[in-house]
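> Starting off with a structure, shown below.
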Amino acid sequence: MTAENIVEQTLAWFDQGEYKRTLARRVAIATESQSNQRDEELTRYLDEEIKPALSAMGFSLLSVENPHAVHRPFLIATRIEDSTLPTVLSYGHGDVVFGDDENWRSDLSPWELKEEGDRWYGRGSADNKGQHTVNIAALEQIFKARGGRLGFNCKLLFEMGEEISSPGLAELCRDYHEELSADIFLASDGPRLSADRPTLFLGSRGAVNFRLTINARDNAYHSGNWGGLLTNPGTQLANALACLVNQHGQLQVAALKPPAVSDAIREILSDVDVGDGANDPQIDPNWGEAGLTPSERLYAWNTLEVLSFLTGNPQRPMNAIPGHATAVCQLRFVVGTDWQNLAEHVRAHLDAHGFEQVDVEFMRGSPATRFDPTDPLVGWALDIMQRTTGKKTALLPNLGGSLPNDVFADILGLPTLWVPHSYPACGQHGVNEHMLISVAREGLAIMTHLLWDLGEQGRGLLEQHLAHAGGAR
């Protein structure tokens, strides 16, 4: 059997409605990890949907309780066919954000898959149930076509707390390092560059949140009696923010800027256009780092965003000088940024500009990752994806957003390849979330071809990868 044969058979299976029926069952399980009322549903998703599918392919299953989030368990599934074969690790999360039932369109429910044109509506259809269902289906079709074999070793890691920032995931990967050891990581999450363009991304930008606060006094005072005599913390904090990021959205803290964009990354991103989707917001041309293209600003540079700003009482403004002001900010950053020392860098910058009264609090952060785009594994994946779809695949050195990719890239030390099966306007985390049927179908063809080819020439691919990595060192 050829790759073309197995892809054709898999798409015929999809067109018969089998994938839709499977996804409908999974969407119907209300796995809201942000709710304490869904503990049984979170466990049921693994027990009734994921475990039976993997057991049928001969995977051994290891359930692991999460010490950091009760009832948000992990599942490690393993199938070793031959120790000399390459091992691929994949990942998925079965939890979703709040359904937000009352705000969906009146004829839609987050817990019922509904088809409308090219869309399947339902919570988790795009993030992440629809995506890992594509990848499991590809494994099932290959297993069947090869007569009960995959042609490679396979491990899968499922978590049920990704939407609450993956508590315990890093610790799990450290504690179960051997059980999760592999040669390559291949999974699906996040959006494509656009609905009609297959995408491969190699990591993600990091994110760090921090809070700035001015506590000027315990009370607010009448602005007519004390205006011009008492400092206004809202005014001061607004100016402090302006010295961190200017009126054009350009980061002003030199210590938090990334290395210059390399020629190699510029070349990759020259083929990437952002904001072209029908439902995308219009890009502001004069916003962001000067001298960079929109794609370079999004995928190769750092941005500082003000997420919230509070002073006084916005709901009931009074004629009073507020006593306090606070803002929560976020730095999105690429590899090479000294983000661990963000608080110290912000402190030094504010002090240098006369804002010693501003308190700086580091809240939380996650690292940036980026697999080498010149690695042979990247070229292999791009070639397979283009041959499968007849489309030029978009290569992103990293996603603009953040994923827990650091646990796979840094803790497990794996080359990471992500092939997303959603698109930017999918409604992820919002109401009316949906998966495009055309993208799901195309994604299934891609994953089937990639995994089939891994079983055909996996050893050779890994030899090329190791030779390249050795040369790079």
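> Thinking of the chain as a set of Cα atoms, what percent of all their pairs are more than 35 Å apart?
Working: 40773 of 111628 pairs.
The share of Cα pairs beyond 35 Å in the chain comes to 37 percent.
> So, one more: Show me 182-189, 373-380 ranked by packing, highest mean number of other Cβ atoms within 10 Å first. Before the final figure, lay out the partial values.
On the way: 182-189: 22.8, 373-380: 18.0.
In descending order of packing, they fall as 182-189, 373-380.
> So what is the relative contact order for the chain, in percent, with contacts set as C-alpha pairs under 8 Å and at least six apart? Could the numbers behind the result be given before it?
Details: 930 pairs, mean separation 117.6, N = 473.
Computed over the chain, the figure is 25 percent.
> Which residue, chosen from P322, I268, N215, occupies the Cα position most advanced towards the positive end of the dipole of the chain, where the dipole is computed from +1 (Lys, Arg) and -1 (Asp, Glu) charges on Cβ about the Cα centre?
P322
> At 0.36 nm per residue, minus the direct Cα-Cα distance, what do S181 and R21 gain on full extension? Give it in nm, one decimal, please. Each step should come with its number before you reach the end.
Numbers: separation 160, 0.36 × 160 = 57.60 nm, distance 3.29 nm.
Fully extending the segment from S181 to R21 adds 54.3 nm.
> If you count only protein heavy atoms and use a 1.4 Å probe, how large is the accessible surface of M363, to the nearest 10 Å²?
60 Å²
> What's the extension gain from N239 to A260 if we count 0.36 nm per residue and subtract their Cα-Cα distance?
Numbers: separation 21, 0.36 × 21 = 7.56 nm, distance 2.78 nm.
Additional length available on full extension: 4.8 nm.
> Quick one: if the Förster radius is 35 Å, what FRET efficiency do E115 and K391 give, using the C-beta to C-beta distance and rounding to 0.05? Intermediate values should be presented prior to the final figure.
Numbers: r = 24 Å, r/R0 = 0.69.
The pair E115/K391 has a calculated efficiency of 0.90.
> Grab the beta carbon distance between V306 and A278, set R0 = 30 Å, and tell me the FRET efficiency rounded to 0.05.
Details: r = 29 Å, r/R0 = 0.96.
Result of the calculation: an efficiency of 0.55.
> Using heavy-atom solvent-accessible surface (probe 1.4 Å) with all chains present, what is the largest-first order of Y45, Y221? Don't skip to the answer; put the middle values down first.
Details: Y45 0, Y221 90 Å².
Of Y45, Y221, the descending order of accessible area is Y221, Y45.
> Right, next: If I model a spin label at V70 and E102 as a point 7 Å from the Cα along the Cα→Cβ vector, what separation in nanometres do I get?
Spacing of the two 7 Å Cα→Cβ label points: 2.9 nm.
> With a 1.4 Å probe and all protein chains kept in place, how do E456, E40 rank by accessible area, largest first?
On the way: E456 115, E40 150 Å².
Ranked list, largest accessible area first: E40, E456.
> N5 to E463: FRET efficiency via 1/(1 + (r/R0)^6), r the Cβ-Cβ distance, R0 30 Å, to the nearest 0.05? Numbers along the way, then the final one.
Numbers: r = 27 Å, r/R0 = 0.89.
So, using R0 = 30 Å, E works out to roughly 0.65.
> Could you pull out every residue, at least 5 positions away or on a different chain, whose amide H is within less than 5 Å of the one on H421? Hs are placed 1.01 Å off N in the peptide plane, and Pro or chain starts have none.
Amide H neighbours of H421: D189.
> So, one more: Could you sort 275-283, 444-452 so that the peptide with the highest average Cβ count within 10 Å comes first and the rest follow in order? Can you show the working numbers first?
Numbers: 275-283: 10.8, 444-452: 25.2.
Averaged packing, sorted descending, gives the order 444-452, 275-283.
> Right, next: Can you work out the accessible area per residue across the chain, with the rest of the protein chains kept in place, probe 1.4 Å, in square angstrom?
That works out to 43 Å² per residue.
The values are calculated or read from the model by the stated rules, or taken from the named source; none is laboratory data. This is a predicted model, so every value here is computed, not measured. Counting neighbours? That spans all protein chains shown, and the Cβs are built from the backbone with ideal geometry, glycine included. For the accessible areas, the whole protein counts, side chains as well, though only heavy atoms, and no ligand, DNA or RNA atoms are used. Shrake-Rupley method; radii C 1.70, N 1.55, O 1.52, S 1.80 Å.
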